[in-house]
Amino acid sequence: MRSDQFIEDAMRAHSDALFRTACSMLNSEEEARDATQEAFIKLFKSETNFKDDDHVRCWLIRVVQNDCIDRQRREKRVAIDLVDPTEPDAIERLIGDRALLSQSEVELDEDHFLWRHVATLSEDDRRAVHLRYAEDLSLREIAKITGWSYGATGTRLCRACKKLKRLVEAELKQRKEEDREKIDKKTIRDVPQADPHADLRGRGPRRDDADHSGSEGRASPKRGRRSRGSGRRPDGDEDGLAYA
């Protein structure tokens, strides 16, 4: 049996990783906590000779995974959702896998949609992705924990990442189409409506009105002219001889 100090150190170093691992396999935080506690109880009773702290971590993760598998079998449930099992930088590491995901422009949003896609993978693929990117384990460590061969571990991880890439790109395409539709609808709403009276206001006065107003402004030729013979004759020209 282990000393109390050994168990306390192990809990302080690995409890978060174990809880995240359990959450990635179970859809119950309470059961995830129970599985984590059971792992430390088994560690306390274990007589395994550990080489170093990494050996302890791998051993504990394998114990938690086996416990979660047993719980799933007993209750016949399949994990559907991840309960935020990772830190943001772990998501960035998954996105930053240059070999497989470099072509995907993945935006980190609040709902961590990438990990929702991880939850749709098969149980083994989900385990591989979680151990590699959430817990930052090497392929050899994953192979030791899961019992897979080194080659099978790499193949499974590669296949899982390719699936994720397709899922992520499909969702991003859908989001872009939805955004485009919103922009189109907004553009249509913002187009000014035609004013039915604008054409009438833009026209000048009607022709008959213009003719009528013009006739009033011009003096009559007869009224505006003076008769030549109506002018006053000069003094002393009673008989009009000056004009003869």
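The values are calculated or read from the model by the stated rules, or taken from the named source; none is laboratory data. It should be emphasised that the depicted structure is a prediction, and the values quoted were computed from it without experimental measurement. Every residue, glycine among them, receives a Cβ derived from its backbone with ideal geometry; neighbour counts consider all protein chains shown.
Within region 9-38, if we keep just the residues that are hydrophobic (A, V, I, L, M, F, W, C) and surrounded by fewer than 20 Cβ atoms within 10 Å (Cβ to Cβ), the residue that is nearest to Leu131 (Cα to Cα) turns out to be Ala13. Of the residues screened, Arg166 is not one that is within 30 Å of Arg127 (Cβ to Cβ), in contact with a Phe, Trp or Tyr (Cβ under 9 Å, 6 or more places away or on another chain), surrounded by 10 or more Cβ atoms within 10 Å (Cβ to Cβ) and modelled with pLDDT of 70 or more.
Listed conditions (1) under 20 Å from Ala128 (Cα atoms); (2) among the β-branched types (Val, Ile, Thr); (3) surrounded by fewer than 16 Cβ atoms within 10 Å (Cβ to Cβ) are all met by Ile41, apart from (1). Counted as qualifying within region 42-148 are the helices (runs of 4 or more DSSP H) with 1 or more residues that are farther than 25 Å from Arg159 by Cβ, out of contact with any Asp or Glu (no Cβ under 7 Å at 6 or more places or on another chain) and modelled with pLDDT of 85 or more, namely 53-75. Within region 149-167, the set of residues being assigned to a helix (DSSP H, G or I) and either within 21 Å of Cys58 (Cα to Cα) or aromatic (Phe, Trp, Tyr) (or both) comprises Tyr150, Gly151, Ala152, Thr153, Gly154, Thr155, Arg156, Leu157. Cβ-Cβ distances below 6 Å connect no pair with a first residue in region 128-154 that is closer than 12 Å to Thr21 by Cβ, a second residue that is crowded, with 18+ Cβ neighbours inside 10 Å and of a type in the set (Asp, Glu), and a separation of six or more residues or different chains.
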